[in-house]
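The values are calculated or read from the model by the stated rules, or taken from the named source; none is laboratory data. The shown structure was predicted, so the numbers you read here are calculated from the model rather than taken from an experiment. Ideal geometry is used to build each Cβ from the backbone, glycine not excepted, and the neighbour counts take in all protein chains shown.
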């Protein structure tokens, strides 16, 4: 048991061991039922983001004027229309699946950009410190002290609201989270014995930072990343909802909610389903992040392992 | 304490200045500011006339000093849409947003502290589990979706409250509730974990040994110490409340700063956008100072230093 969980934290990709590792992860996931359901929802979402447009692209764009604002749970038009149809008679189910790709792509791109830039700057600020570190922190304070949505609105107003600009704006507003976390952890880790030992034996700064310090910070960053993915998704949806994010013909869940707003009193399903998709995915991300925090923390992991010990 | 506040004030002032610089150069980066201020279909002669009138044909540094001088004399220019000073429009809209934010954060704090404290009293009890799950759901639902579902259920379906406007008290219920849900979910989690750690400290055990009742221990002995992290997070949420206000005001037709900004963006009224950004930044700066003071009142260790 102890041996198996050990493989979770080591990085030896032996064939047999990696299989054990997957099993361990799955078992730890099974212990937390909410996180398990959340992981299933996220897997389905990733699948639909990857293959959705390829599978349902045609029915997502096909208009059927007879089915305009067709109500949900009505199977007379076929299973495609189970969630109803929008104002142009397009299947909402197909469109939600179709839109998942752009939604996920924007959030993933923004999160990865802010993760890379934030972590690098955080490593510099934490390891080097000094004037450069101080300057980085002050700029971070400024970015953090202003409501991100308002700033994003103004930036997207001045520059055109294209997908690339939405990604850049969202990435910039999220950099501080990674930066501050990385810096705080690096400052603590760099004074630990093993780092000093590596320094004494002559490891280069690069090796020290990327081989010794970064692997310790990584689990925290992954946890924050899952949380932040949810946040960025919400931010993109808000921007698109307000009409300054993603523009037609590109479609995200936020755009769909905005499009349905005009029909709120007559056809609630237009806004409800894409909104529910956003809510489910962000909630799942929160649950998985919660689970990750416990599972990657050696001090707390017993909470997930204990019930099995009782059975054995 | 004074030194601490002074330092905060200097940094906030600096960030405010950087924001000013950013807004100024952003407006110039995209070509002539006349394009930003004037409607899209304005003829070339009108653009040139406008540029000359407002000094946009001057070198950039001259424009920058003019801009700063305008800011210092509180002159943000005229609103194109309404033909009135931009600042007046923003200041008219401000109280609505501030009240909305105040009601929301207050109700979120009260609910979160009570729920968090009761959940912490017996960790892993049924109440604790329900509270934790609900708080997680609350923290992850998108604002605009809650608002839309709220309108559908309570205004369209049950007809309990109106869908929009600000005339009566009943019109405030839904927007305040929508705006409070997200911070409330986060604050419950913070209040719960901070209460759990305080409840296990030695002085609480002493109070218990003396025979103090549960309610007294939570709300008299433990609450003050457990409040500190809650206040910190509530302060961080304040900027988030403004984010939420933009959406809530748009959906419920509230004449606050968020709706003003969105309307100005729709009608390309750049003077108002600029004034709105500045006034919001100043409001958040003042709010941070207030939070610092509250923090010092609650924590003597900060007051002494």
Any hit, segment B:258-270, residues being crowded, with 24+ Cβ neighbours inside 10 Å, touching a residue at least 40 places away in the same chain (Cβ under 8 Å) and within 17 Å of the chain's Cα centre (by Cα): yes
Any chance residue A:31 is under 21 Å from residue A:299 (Cβ atoms), modelled with pLDDT under 80, more than 20 Å from the chain's Cα centre (by Cα) and surrounded by 14 or more Cβ atoms within 10 Å (Cβ to Cβ): yes
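Does residue A:254 satisfy the condition of being within 10 Å of chain B (Cβ to nearest Cβ) and part of a helix (DSSP H, G or I)?
Details: within 10 Å of chain B (Cβ to nearest Cβ): yes; part of a helix (DSSP H, G or I): yes.
It is true that residue A:254 is within 10 Å of chain B (Cβ to nearest Cβ) and part of a helix (DSSP H, G or I).
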Residue within segment B:278-295 that is touching a strand residue (DSSP E or B) at 6+ places or on another chain (Cβ under 9 Å) and at pLDDT 75 or above present: no
Scan of segment A:91-113 for residues that are crowded, with 24+ Cβ neighbours inside 10 Å, without any contact (Cβ under 8 Å) to a residue 60 or more places away in the chain and in a helix (DSSP H, G or I), ordered by number: A:97
Filter pass, residue B:158 being within 14 Å of chain A (Cβ to nearest Cβ) and free of Cβ contacts under 8 Å to residues at least 24 places away in the same chain: yes
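A quick yes/no check of all residues on (1) farther than 24 Å from residue B:267 by Cα; (2) in contact (Cβ under 8 Å) with a residue 12 or more places away in the chain; (3) in contact with a strand residue (DSSP E or B) (Cβ under 6 Å, 6 or more places away or on another chain); (4) outside any helix (DSSP H, G or I):
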position	(1), (2), (3), (4)
A:235	no, yes, no, no
A:244	no, yes, no, yes
A:249	no, no, no, yes
A:270	yes, yes, no, no
Filtered residue count, segment A:154-183, keeping only those that are under 16 Å from residue A:109 (Cα atoms) and facing another protein chain (nearest Cβ under 9 Å): 0
Subset of segment A:45-77 [modelled with pLDDT of 75 or more and within 19 Å of residue A:268 (Cβ to Cβ)]: A:71, A:72
Candidates A:88, A:123, A:151 - the one that is more than 14 Å from every other protein chain (Cβ to nearest Cβ), free of Cβ contacts under 8 Å to residues at least 40 places away in the same chain and surrounded by fewer than 23 Cβ atoms within 10 Å (Cβ to Cβ): A:88
Residue ID - modelled with the lowest pLDDT, chosen from residues in segment A:126-141 that are within 13 Å of chain B (Cβ to nearest Cβ) and farther than 20 Å from residue A:232 by Cβ: A:141
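Every residue, every condition in (1) in contact with a helix residue (DSSP H, G or I) (Cβ under 7 Å, 6 or more places away or on another chain); (2) away from every other protein chain (no Cβ under 14 Å); (3) crowded, with 21+ Cβ neighbours inside 10 Å, yes or no:
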position: A:189; (1), (2), (3): yes, yes, no
position: A:201; (1), (2), (3): no, yes, no
position: A:217; (1), (2), (3): yes, yes, yes
position: A:220; (1), (2), (3): yes, yes, no
position: A:242; (1), (2), (3): yes, no, yes
position: A:245; (1), (2), (3): yes, no, yes
position: A:261; (1), (2), (3): yes, no, no
position: A:277; (1), (2), (3): yes, no, yes
So residue B:275, is it touching a strand residue (DSSP E or B) at 6+ places or on another chain (Cβ under 9 Å), away from chain A (no Cβ under 11 Å), surrounded by 15 or more Cβ atoms within 10 Å (Cβ to Cβ) and under 18 Å from residue B:16 (Cβ atoms): yes
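Taking residue B:129 as the residue in question, decide whether it is in contact with a helix residue (DSSP H, G or I) (Cβ under 9 Å, 6 or more places away or on another chain), farther than 26 Å from residue B:287 by Cβ and more than 14 Å from chain A (Cβ to nearest Cβ). Spell out how you get there, then give the answer.
On the way: in contact with a helix residue (DSSP H, G or I) (Cβ under 9 Å, 6 or more places away or on another chain): yes; farther than 26 Å from residue B:287 by Cβ: yes; more than 14 Å from chain A (Cβ to nearest Cβ): no.
Taking the combined requirement at face value, the residue does not satisfy it.
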Whichever residue in segment B:57-81 is in contact (Cβ under 8 Å) with a residue 12 or more places away in the chain and part of a loop (DSSP other than H, G, I, E, B) and, among such residues, is farthest from residue B:46 (Cα to Cα): B:74
Number of the condition not met by residue A:235 [criteria: (1) crowded, with 24+ Cβ neighbours inside 10 Å; (2) more than 12 Å from chain B (Cβ to nearest Cβ); (3) within 30 Å of residue A:134 (Cα to Cα)]: (2)
Within segment A:125-222, helices (runs of 4 or more DSSP H) holding 3 or more residues that are under 28 Å from the mean Cα position of the chain (by Cα): A:130-144, A:148-158, A:163-189
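Kindly provide the set of residues from segment A:263-275 that are facing chain B (nearest Cβ under 9 Å) and either closer than 18 Å to residue A:238 by Cβ or buried (at least 24 other Cβ atoms within 10 Å of the Cβ) (or both), ordered by number. Steps first, answer last, please.
Our first condition is that a residue be facing chain B (nearest Cβ under 9 Å); within segment A:263-275, this holds for A:264-265, A:268, A:271-272, A:274-275.
A:264, A:271, A:272, A:274, A:275, listed by residue number.
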Sole residue being in contact (Cβ under 8 Å) with a residue 60 or more places away in the chain and within 14 Å of chain A (Cβ to nearest Cβ), chosen from B:231, B:282: B:282
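Kindly indicate whether residue B:63 is surrounded by 13 or more Cβ atoms within 10 Å (Cβ to Cβ), over 30 Å from the mean Cα position of the chain (by Cα) and modelled with pLDDT of 75 or more. Even if it seems obvious, please write down each step before you answer.
Details: surrounded by 13 or more Cβ atoms within 10 Å (Cβ to Cβ): yes; over 30 Å from the mean Cα position of the chain (by Cα): yes; modelled with pLDDT of 75 or more: yes.
For residue B:63, the condition - surrounded by 13 or more Cβ atoms within 10 Å (Cβ to Cβ), over 30 Å from the mean Cα position of the chain (by Cα) and modelled with pLDDT of 75 or more - is met.
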Output for segment B:108-143, where each listed residue is at pLDDT below 85 and over 19 Å from residue A:32 (Cα atoms): B:121, B:122, B:139, B:141, B:142, B:143
